[in-house]
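These notes concern the structure reproduced below.
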Amino acid sequence: MNALTPSRRAFLQGTAASLAVFTLGTFLQPFGRALAQAPAPGPFDPNIFLQIASDNTVTLISKHFEMGQGVTTGLATLVAEELGADWSQMRFIFAPANPALYHNLLFGPVQATGGTTSTVEAWTQMRQVGAAAHVMFATAAANKWQVPASEVSIENGVVVHGANRATLGSLAEEAMNVPVPTSVTLKEPKNWTMIGRRLPRLDSVMKTTGQAIFALDFRRPGTLTTVVLRPDRFGATVASFDATEARKIDGVVDVQQLPTGIAVYATNTWAAIEGRKALKVTWDMSKAETRSTEQIFAEYRNLLEQPGLQATKRGDTGAALAKAARTVAAEFTFPYLAHAPMEPLNCTIELGADGAEIWSGCQLQTIDQFVASQVLGFKPEQIKINTMLGGGSFGRRGNPVADWVAELCFAVKAIGGRAPVHLVWTREDDIKGGFYRPMALHRVRVGLTQDGRISGWQHQLVSKSIFTGTPFEAVSVKDGLDVSSVEGVADTDYAIPDFDVRQHNVSTPLPVLWWRSVGNSHTAFAMETMIDELAGLAAQDPVPFRLGLLANDPRDVAVVRLAAEKAGWGTPLSEKGRGRGIAFHHSFGTRVAMVSEVTVRGGVIKVDRMVAAVDLGVAVNPDVVVAQVEGAIGFALSMVLRNEITLKNGVVQQSNFDDYEPTRMREMPKVEVHIVPSMEPPTGIGEPGLPPVAPAIANAVAAATGKRLRSLPLRYATFSG
């Protein structure tokens, strides 16, 4: 990708000016689970997925958003592999918002990046694009050299037949005139030269040299920066306000009321923030959240006295528990969590007479486009979205109600579109008033037989649905049951014959959203610490105890064995206060087992080492896989050891990285990542590395101290040694 990403208009103008540009259209039909829901292909567009220019660059037009997860490198690898390009030729730019052309094949008619689906859904499609281009260039060369196309090869970006040689760029014009093949044959895995290699990321240089342009860097001429003063309690609204003092701040040019609060417009961010501080606002608190965290958990516990929604039921759990030789009951609590991406939320809009143009690091272009059209009174196709690089997200930039995009549109509408508007949420804005991973409470009761087998598992959990009221409700909520609330427990791989899982929904003004690994971020902890505790009660080693329950799936068994082997499971940790723990979790189709080694002294947990084994099918780029697991461990450590969003009388108590602290470099343990060799189709790694982190650490703490911890973060625990 070029450091200065051109606008779509400039991009098309530029390509139209150059005849020697090969472009490949969307001849490919959607595939996979969403085939029946996928829209018909749109009109032919010569710049849909691939562009090969006369300067010999090969540019992937990525339909997926890059927020640090490496997807643009992965998709480019698939294209380059089948085309025969040299890696040094590869570039990427982001596709324009157009669901007819760029929809996620697993999500239906929605252009979207999320749910660890990007590689999964594009695995065949991008290889087909590369293979079709290969055929067209080979045909063009064959026509030019008057030789059979079957004898022409393309390797390292060079088209070859005998003594004839040509670059892809030099054949671009001829290849453009070759009919797009209606079917292609993909390479056999034995012939892969790029898939499975540790190719350097396409975005590393621009990011490490400061050339990369993020949404926060972008401005249009005459842009006004806007920050919004929102109430400190969810559900409160503006009763009245006085902007007299705010308007006196040098640089402040306007103040307007929006549905979400009071917007201050200024010529720069600092003036906008200072103007906001000077506002005097009276809030209507009649519908505001006023409870504290402890009160909310108390109400959660009251809900558990009711039956709840049945998520999974196998066998007769009640009878099994009644016959158990012994039972163990446990309660697990999980706080609200903020996403806190390193680049704060922001986006820019320019309003015109017949539409609007938005510049944003966004995951759900189709929804953002629709919401903007509704606020501004345009058709969705009149909203042009320029996708920018994102400085992290963890789910926050993919909001199904597009809260920040809607606010941006209200802000530009409030000033009649007289200037482009750049909306900035400070980190405090997002941590104190954003969308959160839901609070959750689990209550589990499990029985063991005399010989240590699980005899009945009863599991109830309480949380707020993240899908209810969103465009995804129809497919993700069934009779009130939100599948994301119970994922990771209701669909566990453990073979437990008598198994009963129920869900309780709560209603609260606090907005909730998926957070990296979604429901698995709490269900894995409850399942895996419970399994570990049961192994102890059964006087069995946790590894063979798990393997016995996973025996029906050889891939599960292999990943647990690999993690244990690489970690030296069973070897002694002689030092007092040290412990080793294991956890396994299967999410988003990927299996991950982790072994943690910790030291506990003076009530402080220090994570010394994390060993991970991963089975995600084909690892398109092992370096990206390793980086994603390393990143997941670093991200998870902050929530394991300290992070939480708490309420006092309805007010969020945390605000920035001083009291919602990310993992520091000095805290990172030694991390080892081992990938299970596989030729199975890839399943993705963006999120699955997170769920096993917390239970592996908690189980290691239990091994070190004998104390079982059942709530996150773990820092509240006290230890004697």
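The values are calculated or read from the model by the stated rules, or taken from the named source; none is laboratory data. Note that the coordinates shown come from a computational prediction; the quantities given were computed from them, not determined experimentally. As a convention, Cβ positions derive from the backbone with ideal geometry for all residues, glycine included, and neighbour counts pool all protein chains shown. Heavy atoms of the whole protein, side chains included, go into the accessibility calculation; ligands, DNA and RNA do not. Shrake-Rupley method; radii C 1.70, N 1.55, O 1.52, S 1.80 Å.
Structure values in brief
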| read-out | value |
| --- | --- |
| Number of positions in the range 621-635 that are under 13 Å from I195 (Cα atoms) and β-branched (V, I, T) | 2 |
| Close pairs from the range 663-690: first on the phi > 0 side of the Ramachandran plot, partner assigned to a loop (DSSP other than H, G, I, E, B) and surrounded by 13 or more Cβ atoms within 10 Å (Cβ to Cβ), Cβ under 6 Å, at least 6 apart | G684/T116; G684/F588 |
| Cβ pairs under 6 Å, 6+ apart, first in the range 299-315 and among the hydroxyl-bearing types (S, T, Y), second buried (at least 16 other Cβ atoms within 10 Å of the Cβ) and part of a loop (DSSP other than H, G, I, E, B) | T312/A490 |
| Verdict on R555 being in a helix (DSSP H, G or I) and open to solvent by 30 Å² or more (accessible area, probe 1.4 Å) | yes |
| Unmet criterion (only one of (1) open to solvent by less than 20 Å² (accessible area, probe 1.4 Å); (2) outside any loop (DSSP other than H, G, I, E, B)) for V673 | (1) |
| Sole exception among (1) assigned to a loop (DSSP other than H, G, I, E, B); (2) within 23 Å of T225 (Cα to Cα) for D429, by number | (1) |
| Hey, S574 surrounded by 24 or more Cβ atoms within 10 Å (Cβ to Cβ) and either more than 30 Å from W87 (Cβ to Cβ) or basic (K, R) (or both) or not | no |
| In the range 435-451, the residues that are touching a Leu at 6+ places or on another chain (Cβ under 8 Å) and either more than 30 Å from Q295 (Cα to Cα) or modelled with pLDDT under 95 (or both) | G447, L448 |
| Selection status of N268, surrounded by fewer than 17 Cβ atoms within 10 Å (Cβ to Cβ) and within 32 Å of the chain's Cα centre (by Cα) | yes |
| Number of the condition not met by Q653 [criteria: (1) buried (at least 21 other Cβ atoms within 10 Å of the Cβ); (2) over 23 Å from the mean Cα position of the chain (by Cα)] | (1) |
| Selected residue [closer than 23 Å to Q69 by Cβ and of a type outside the set (D, E, K, R)] from I154, I93 | I93 |
| Check on N164, over 13 Å from V135 (Cβ atoms), among the polar types (S, T, N, Q) and in contact with a helix residue (DSSP H, G or I) (Cβ under 7 Å, 6 or more places away or on another chain) | yes |
| Flag for T366 being touching a Ser or Thr at 6+ places or on another chain (Cβ under 8 Å) and of a type in the set (V, I, T) | no |
| Those residues of the range 187-221 which are open to solvent by less than 90 Å² (accessible area, probe 1.4 Å), free of Cβ contacts under 8 Å to residues at least 24 places away in the same chain and closer than 22 Å to L616 by Cβ, in sequence order | N191, S204 |
| Helices (runs of 4 or more DSSP H) wholly inside the range 282-376 containing at least 1 residues that are within 30 Å of W457 (Cα to Cα) and in contact with a Gly (Cβ under 7 Å, 6 or more places away or on another chain) | 317-323 |
| Odd one out for K432, checked against (1) touching a strand residue (DSSP E or B) at 6+ places or on another chain (Cβ under 8 Å); (2) open to solvent by less than 40 Å² (accessible area, probe 1.4 Å); (3) within 30 Å of N656 (Cβ to Cβ) | (2) |
| Count - residues of the range 107-155 that are within 26 Å of the chain's Cα centre (by Cα) and charged (D, E, K, R) | 2 |
| Contacts under 9 angstrom Cβ, first residue in the range 43-58 being within 13 Å of F92 (Cβ to Cβ) and open to solvent by 10 Å² or more (accessible area, probe 1.4 Å), partner modelled with pLDDT under 85 and assigned to a strand (DSSP E or B), 6 or more apart | Q51/F22; Q51/T23; Q51/L24 |
| Count - residues of the range 235-265 that are under 27 Å from E343 (Cβ atoms), in contact with a Leu (Cβ under 9 Å, 6 or more places away or on another chain) and surrounded by fewer than 21 Cβ atoms within 10 Å (Cβ to Cβ) | 2 |
| Residues satisfying the stated conditions in the range 213-257, i.e. more than 12 Å from A271 (Cβ to Cβ), out of contact with any Lys or Arg (no Cβ under 7 Å at 6 or more places or on another chain) and of a type in the set (A, V, I, L, M) | I213, A215, L216, V228, A236, V238, A239, A243 |
| Qualifying positions in the range 420-467 - of a type in the set (A, V, I, L, M, F, W, C), closer than 26 Å to V401 by Cα and in contact with a Phe, Trp or Tyr (Cβ under 8 Å, 6 or more places away or on another chain) | V421, L423, W425, I431, M439, A440, L441, V462, I466 |
| Residue check, G579 more than 20 Å from L549 (Cα to Cα) and outside any strand (DSSP E or B) | no |
| Any chance R445 is within 26 Å of L547 (Cα to Cα), open to solvent by 30 Å² or more (accessible area, probe 1.4 Å) and in contact with a helix residue (DSSP H, G or I) (Cβ under 8 Å, 6 or more places away or on another chain) | yes |
| Residue among P682, P691, P695, P669 that alone is over 30 Å from L75 (Cα atoms), under 22 Å from the mean Cα position of the chain (by Cα) and of a type outside the set (D, E) | P695 |
| Residue within the range 298-314 that is in contact with a helix residue (DSSP H, G or I) (Cβ under 7 Å, 6 or more places away or on another chain) and not basic (K, R) present | yes |
| Unique residue being buried (at least 24 other Cβ atoms within 10 Å of the Cβ), of a type outside the set (S, T, Y) and assigned to a helix (DSSP H, G or I) when the list is A612, A636 | A636 |
| Selection status of Q89, under 11 Å from Q363 (Cβ atoms), of a type in the set (S, T, N, Q), modelled with pLDDT of 95 or more and open to solvent by 10 Å² or more (accessible area, probe 1.4 Å) | no |
| Helices (runs of 4 or more DSSP H) within the range 99-186 that include 3 or more residues open to solvent by 20 Å² or more (accessible area, probe 1.4 Å) and among the polar types (S, T, N, Q) | 118-145 |
| Qualifying residue in the range 577-589 (condition: closer than 21 Å to L714 by Cα, out of contact with any Lys or Arg (no Cβ under 9 Å at 6 or more places or on another chain) and open to solvent by 10 Å² or more (accessible area, probe 1.4 Å)) | yes |
